[in-house]
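A quick write-up on the structure given underneath.
The values are calculated or read from the model by the stated rules, or taken from the named source; none is laboratory data. Note that this is a predicted model, so its numbers are computed, not measured. Every residue, glycine as well, gets a Cβ built from its backbone with ideal geometry; the counts of neighbours run over all protein chains shown.
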Amino acid sequence: MLTIALDAMGGDHAPKAEVEGAVRAAGSLGVKVLLVGQQDVVRRELEQHEGYRELPIEIVHASQRVTMEDSAAKAVRSKRDSSMRVASRLVRDGCAQGFVSAGNTGAIMATAKMVQGVVPGVERPALLGVFPTMLGTPVVLVDVGANVDCDATMLAQFAVMGEIYSRNILHRPNPRVGLLSIGEEEHKGNDLTRAAWPLLKSLHINFVGNVEGRDVYAGNVDVIVCDGFTGNVALKVSEGLVDMFKKLLRESLEATISGKIGYALSKSALSSFRKRLDHSEYGGAPLLGVRGGCIIGHGSSNANAIKNAIRVAAEFSGGNVNRQIEEELLRLSKAGD
């Protein structure tokens with residue numbers, strides 16, 4: 001049974017959402033969950049769930065909590081007994097195979113990199129985002145914020161890591177990999193994309209060339225590679241658009257459909273629409289390139305998002321994604337010598 005360490009004090013709704021998500025995961029996914037946080041607080045919340053004693057759940061005490069206001073440096077240097085750091089340490093020490101937190105993103109990345117270490121061959125870990133598409137298949141965007149400034153070699157590594165993740169976790173056969181730019185032609189883009197293009201072309205992946213921003217949701221590629229600055233802007237714009245679409249659709253349905261039957265149908269359609277765009281269905285953003293699985297959830301993660309983040313962490317560890325990344329980067333390194 002795989003064991004996942006969960007930062008029970010990380011998210012906006014902690015520890016309620018984290019504990020409920022852990023209970024759902026332990027009860028349905030066949031994984032063991034280590035709830036890391038202030039023992040008395042976590043236990044009180046856990047006792048609200050009937051039958052929890054029969055589930056593979058344990059509480060691991062951590063006296064401190066990293067807040068959203070803490071800087072990454074403060075979290076790493078000053079809060080050595082934080083729930084975030086203790087959970088990461090459990091992975092490093094082999095007590096857990098994956099680490100999940102919906103806390104401070106910068107602090108999670110810094111902690112995982114320092115405590116768990118980096119996979120050999122990885123220059124910089126990258127944050128992967130999963131987006132829905134019009135064809136109903138997911139597309140992954142790498143990087144969505146871990147590295148603001150990148151070089152071409154880093155983008156090539158992102159492509160390798162994203163391709164392996166798409167193939168093993170999202171079960172996309174022979175994933176199509178694109179480079180995010182301002183035009184499809186090879187010469188389009190900036191110095192970074194023009195330098196990265198031939199590197200991606202030389203990889204043993206299904207590189208389809210440059211893609212544009214409109215291709216993110218089209219479904220004609222499975223992996224899109226970019227620097228973390230561009231990726232984070234795309235992520236935040238997407239989140240804002242989703243919120244706006246939900247609000248406008250709800251207002252339009254309520255204004256134009258009258259009667260109980262029509263209203264019920266509109267609620268059903270709205271529910272289906274929201275589910276397709278709901279980030280909680282994807283669980284969280286994997287931090288690719290660190291030893292052991294590290295999944296970063298949205299700060300507002302609910303119980304369903306936490307459960308799915310635990311699922312992704314278990315699939316990541318069970319699929320030996322890190323080993324494949326290490327082997328592929330080692331092969332590329334030898335080929336380049």
Tell me which of these residue 45 doesn't satisfy, since it passes every other one: (1) part of a loop (DSSP other than H, G, I, E, B); (2) surrounded by 20 or more Cβ atoms within 10 Å (Cβ to Cβ). (1)
Residue set 207, 245; condition more than 20 Å from the chain's Cα centre (by Cα), over 30 Å from residue 292 (Cβ atoms) and in the same structural domain as residue 136 (by TED's automatic domain parsing); output residue 245
So, in segment 157-210, exactly how many residues are of a type in the set (Asp, Glu) and touching a helix residue (DSSP H, G or I) at 6+ places or on another chain (Cβ under 7 Å)? 1
Can you go through 173, 120 and tell me which one is out of contact with any Phe, Trp or Tyr (no Cβ under 6 Å at 6 or more places or on another chain) and touching a residue at least 12 places away in the same chain (Cβ under 8 Å)? 120
Residues that are outside the structural domain of residue 312 (by TED's automatic domain parsing), of a type in the set (D, E, K, R), under 17 Å from residue 332 (Cβ atoms) and at pLDDT 90 or above: does segment 159-169 have at least one? yes
Pairs please, first residue from segment 308-323 and in a helix (DSSP H, G or I), second anywhere and of a type in the set (Lys, Arg), Cβ atoms under 9 Å, 6+ apart in sequence or on different chains. 310/24; 322/291
Go through segment 194-249 residue by residue and tally those that are touching a strand residue (DSSP E or B) at 6+ places or on another chain (Cβ under 9 Å), assigned to a helix (DSSP H, G or I) and of a type in the set (Ser, Thr, Tyr). 2
